[in-house]
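Asker: What follows is a single structure, and I will ask about it in a moment.
The values are calculated or read from the model by the stated rules, or taken from the named source; none is laboratory data. Only a predicted model underlies this, so the values are computations on that prediction, with no experimental measurement involved. Please note: Cβ atoms are built from the backbone with ideal geometry, for glycine as well, and neighbour counts cover all protein chains shown. Side chains included, ligands, DNA and RNA excluded: accessible areas come from the protein's heavy atoms. Shrake-Rupley method; radii C 1.70, N 1.55, O 1.52, S 1.80 Å.
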Amino acid sequence: MKNKIIIIAVVLISLTVVVLAVKKGENTSVQPMEKIAANSNLKEEEAALPVLPAMPEFHYEVGSRFVTTITKSELNELTHFSDLIGEEHAERIVFYKSVIVTVLGDTREDEVEEIGTQGMFTEAQKSLLQSSVYGTDILIAANYREKLSETGKPENGAWTPYLTVVPEKQAEYMDGKEVLLDYLKENAAYYTLGIDQKVLRSARIRFKVTKEGKVIDVALDHTSGYKEIDWVMIDLINDLPKNWIPAQNAKGENVSQELVFSFGARGC
């Protein structure tokens with residue numbers, strides 16, 4: 001009798017362990033399935049969300065055509081190509097093959113150039129440089145042999161600075177350049193939505209700031225590839241909310257200055 005009671009007790013304990021194990025297994029098996037379902041629904045919801053197009057890269061800049069500028073008084077003092085480069089660089093040059101001064105125009109036919117064979121500018125080159133007015137774009141291309149410090153041997157070298165002639169004190173927008181650029185960006189934002197980066201070009205609008213700080217002669221120089229955007233930009237430059245502080249020459253006299261509004265794709 002006693003043995004039977006022990007056997008029954010063992011069976012009951014075994015059954016209890018099995019039931020608990022089954023329940024535990026049920027809990028552990030159900031929980032991951034709920035998580036998988038939840039994750040699956042989340043992924044479906046994420047997949048259903050619309051893919052927003054990337055914001056187009058659209059460049060804005062106002063200033064001279066070229067980043068590197070030279071004042072009229074500095075231009076008049078140029079006598080040698082080394083005046084345009086650092087002393088350390090100038091000392092490496094063994095001899096010059098050619099130095100070409102080119103006043104750039106709208107087309108190749110409009111350009112004027114004078115060629116020299118030395119670092120010293122010729123009289124014709126100096127005359128061309130000194131006759132350049134504010135807003136003139138100039139390329140000075142030098143080809144030479146230079147001795148590199150790494151090898152000590154002469155090697156071919158070239159330096160082609162692009163310059164824009166500017167007044168001694170350039171024209172400034174009354175509220176500052178950053179405010180000007182923000183104004184242009186905000187008012188053109190709607191028209192730049194959905195543009196095709198492959199169609200977008202590097203565009204330029206030229207305009208003059210008069211001695212009185214007024215904007216005149218606004219003209220499209222290069223299209224952005226989108227006529228509507230071109231016209232919007234022209235209107236914005238024509239109708240700026242503030243005037244400009246006029247440019248000044250070396251004598252402190254107000255002078256007009258041509259500026260360039262570059263927009264669209266980055267370029268020169």
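Asker: Taking Cα pairs under 8 Å and at least six residues apart, what relative contact order does the range 154-268 come out at, in percent?
Answerer: 37
Asker: I've got another one for you. Using a probe radius of 1.4 Å on heavy atoms only, what accessible surface per residue do you get for the range 177-236? Whole Å² is fine.
Answerer: Accessible area per residue, the range 177-236: 60 Å².
Asker: Of the lysine pairs in the range 164-268, how many meet both conditions: Cα atoms under 23 Å apart, and a spacing of 8 or more in sequence or different chains?
Answerer: Lysine pairs meeting both conditions in the range 164-268 amount to 24.
Asker: Let me check the size of the range 135-268 from its C-alpha atoms; what are the radius of gyration and Dmax in Å?
Answerer: Cα only, the range 135-268: 19.4, 59 Å (Rg, Dmax).
Asker: Return the carbon/sulfur percentage of the accessible area of the range 149-253, one whole number, probe 1.4 Å, all protein chains in place.
Answerer: Result for the range 149-253: 50 percent of the exposed heavy-atom area is carbon or sulfur.
Asker: Just flag the GluC sites (Glu not before Pro) in the range 171-268 sitting in loop per DSSP whose Cβ has no more than 16 other Cβ atoms within 10 Å.
Answerer: When the GluC sites (Glu not before Pro) of the range 171-268 are filtered for loop state and at most 16 Cβ neighbours within 10 Å, Glu212, Glu253 remain.
Asker: Hey, how many Å between the Cα centroid of the range 59-96 and the Cα centroid of the range 211-247?
Answerer: 29
Asker: Any idea what % of Cα-Cα pairs in the range 96-154 are farther than 14 Å?
Answerer: In whole percent, the long-distance tail amounts to 60.
Asker: Tally the DSSP beta bridges in the range 43-199 and give the antiparallel ones as a percent, rounded to 5.
Answerer: If we restrict to bridges inside the range 43-199, about 90 percent are antiparallel.
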